[in-house]
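To keep things clear, I will list the structure first and then write my remarks on it.
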Amino acid sequence: MKVIEIEGNRELTGQIRISGAKNATVALIPAAILTDEEATICNVPEITDTDALCDILKELNVNVNRSTESLVINPKDMKNIEIQEEFSKKLRASYYFMGALLGKYKKAVMYFPGGCSIGARPIDLHLKGFEALGATVTNDKNKYIVEAKELKGANIYLDIASVGATINIMLAAVRAKGKTVIDNAAKEPEIVNVATFLNNMGAKITGAGTSTIKIEGVDHLHKCFHEVIPDRIEAGTYLIIAALCGKDLRIDNVIPEHIDSLTSKLEEMGIKLDIGIDYVRVLEVPEKLKATDIKTAVYPGFATDLQQPFTVLLTQAEGISKVTETIWENRFMHVPYLNALGADITVENQTAKIQGPRELIGCEVVATDLRAGAAMVAAGLKAKGKTTITNSEHILRGYESIIEKLTNVGAKITLKEI
Ligand code: EPZ
């Protein structure tokens, strides 16, 4: 097990550079198999989710070449074989191989994906989308066989604006015959990044980033070069850390527009920010932070993935703040551990009520999932004394070089294996 230890209550100064977005990368890697030629993707974060997807590529006999920050994927000798459960259950995004393999070979055989236990996480909308394109889905326990004689463009309305279903249907539809329209599509920046990648390969996708995406099927996709956008959730996490313990701490390589919902909340709490073209800096944090309420929502609303780290900041605000989670049923697992550190939080239904300010004192806590882990790091940096975070492998799934990045700005943080 990986354990992070933090000696907290230190001032953090300097710059933190944001890496490529995890949730774009994890879709771009499976998407790369849609061509028979080479795809070069740069700004790829070194996180364990990237490694897990590259392992699947290697199982499928795809040539993968990794150098610092860039990944060259060549599927020329690829074999469409069943993706074993040990690979698919390692992460959520393994499900993008369903859409990509179906799109390329008209057949995908794999198992139910893994990922953080933050809710039931069904994939019914993905499967309905594949069926609308002409596929049949056979399911035996955890195993899924999705196949089609021919994929034909269709009009698909998503009951929920799901990120995963939107991307997976795009992957299956790019090489289908005719036109596909996805209505009530998710609008997250990662979807735009994946659509741009596919278009760079010769796909004809318009409307990504709006709720209607149109895909005109093409026969062939070719080689391309692509860059992953900066990770807005990593940027948001470090910005929250800067608000908690930064002194002139600048977060670099950010697309500020992607984190508008967070920066406007920070300003509402009384924090002064310097928002540049590609950076955000915390200029001043008032002695008394104002309490505020947030409700998670699909993009451009307040990101569910930042809810857990943001809760840590709310423990330092004067009065009662409320956090309402609307996307996932089980995303308050960080709360008992924040309370162990000294916070005063109660959860009723899908709303956490945070009474602040409370002093945080280090103790042993658990990273129950990726963003809960990020919340523990943020809390540990603020807390007096030593915080020990067990199950920290969750954190390494999504935050590149977190130890180095925080050490460079003055944190006392170490990672060890026990
Ligand atoms: C993506 O998950 C992200 N993961 C999540 O980030 C993020 O929290 C989420 O989008 C919302 O922004 C990746 O991109 C790999 P959804 P995804 O499909 O695609 C329901 C992180 O911490 N739903 O948009 O799985 C679902 O249960 C991770 O980085 C169905 O009912 O999320 C949820 O309530 C965690 N049926 C809602 O839709 C379906 O077929 C939104 O889920 C699909 C989804």
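Within the range 291-329, count every residue that is open to solvent by 20 Å² or more (accessible area, probe 1.4 Å), of a type in the set (A, V, I, L, M, F, W, C) and in a strand (DSSP E or B).
Qualifying residue count, the range 291-329: 1.
Would you please name the residue that is nearest to the ligand (Cβ to nearest atom), looking only at residues in the range 363-398 that are open to solvent by 10 Å² or more (accessible area, probe 1.4 Å) and in a helix (DSSP H, G or I)?
So the residue we want is His394.
As an exercise: evaluate Pro75 against (1) within 16 Å of the ligand (Cβ to nearest atom); (2) closer than 19 Å to Asn168 by Cβ and give the number of the one condition it does not meet.
That leaves (1) as the condition not met.
From the list Leu370, Leu406, exactly one residue is out of contact with any Cys (no Cβ under 8 Å at 6 or more places or on another chain), modelled with pLDDT of 95 or more and not charged (D, E, K, R). Which is it?
After ruling out the rest, the residue left standing is Leu406.
Inspect all residues belonging to the range 61-71 and state whether any of them is away from the ligand (no atom under 16 Å from the Cβ), among the acidic types (Asp, Glu) and under 23 Å from Ile18 (Cβ atoms).
yes
Find the residue count for the range 258-279, including only residues that are farther than 12 Å from Gly301 by Cα and open to solvent by 30 Å² or more (accessible area, probe 1.4 Å).
The total comes to 8.
Here is a yes/no grid of residues against (1) part of a loop (DSSP other than H, G, I, E, B); (2) farther than 14 Å from Asn168 by Cα; (3) of a type in the set (Val, Ile, Thr):
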residue	(1), (2), (3)
Pro30	no, no, no
Glu46	yes, yes, no
Asp49	no, yes, no
Lys79	yes, yes, no
Phe87	no, yes, no
Gly99	no, no, no
Val109	no, yes, yes
Pro113	yes, no, no
Ser117	yes, yes, no
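For the range 314-355, how many residues meet the condition of being at pLDDT 95 or above, out of contact with any strand residue (DSSP E or B) (no Cβ under 7 Å at 6 or more places or on another chain) and among the acidic types (Asp, Glu)?
Count: 1.
Given the criteria out of contact with any Asp or Glu (no Cβ under 9 Å at 6 or more places or on another chain) and modelled with pLDDT under 95, does Asp49 qualify?
Here the answer is yes, as Asp49 does meet what is asked.
Every residue in the range 212-257 that is open to solvent by less than 70 Å² (accessible area, probe 1.4 Å) and charged (D, E, K, R), please.
Passing the criteria: Asp231, Arg232, Glu234, Asp252.
Mind listing whichever residues of the range 183-211 are open to solvent by 10 Å² or more (accessible area, probe 1.4 Å), under 21 Å from Ala303 (Cα atoms) and β-branched (Val, Ile, Thr)?
Val192, Thr210
Out of the residues in the range 1-28 that are assigned to a strand (DSSP E or B) and open to solvent by 30 Å² or more (accessible area, probe 1.4 Å), which is nearest to the ligand (Cβ to nearest atom)?
Lys2
As an exercise: evaluate Glu69 against (1) modelled with pLDDT under 95; (2) surrounded by fewer than 17 Cβ atoms within 10 Å (Cβ to Cβ); (3) out of contact with any Cys (no Cβ under 7 Å at 6 or more places or on another chain); (4) not aromatic (Phe, Trp, Tyr) and give the number of the one condition it does not meet.
(3)
Looking at the structure I just gave you, is Lys128 of a type outside the set (Phe, Trp, Tyr), over 26 Å from Thr50 (Cβ atoms), open to solvent by 30 Å² or more (accessible area, probe 1.4 Å) and within 16 Å of the ligand (Cβ to nearest atom)?
Yes, satisfied.
Could you please find all residues in the range 151-182 being open to solvent by 30 Å² or more (accessible area, probe 1.4 Å), within 14 Å of the ligand (Cβ to nearest atom) and not charged (D, E, K, R)?
Tyr157, Ile160, Val163
The values are calculated or read from the model by the stated rules, or taken from the named source; none is laboratory data. Keep in mind it's a predicted model, so treat the numbers as computed, not measured. Cβ atoms come from the backbone with ideal geometry, glycine included; neighbour counts cover every protein chain shown. The area values use the complete protein model at the heavy-atom level, side chains included, leaving out ligands, DNA and RNA. Shrake-Rupley method; radii C 1.70, N 1.55, O 1.52, S 1.80 Å.
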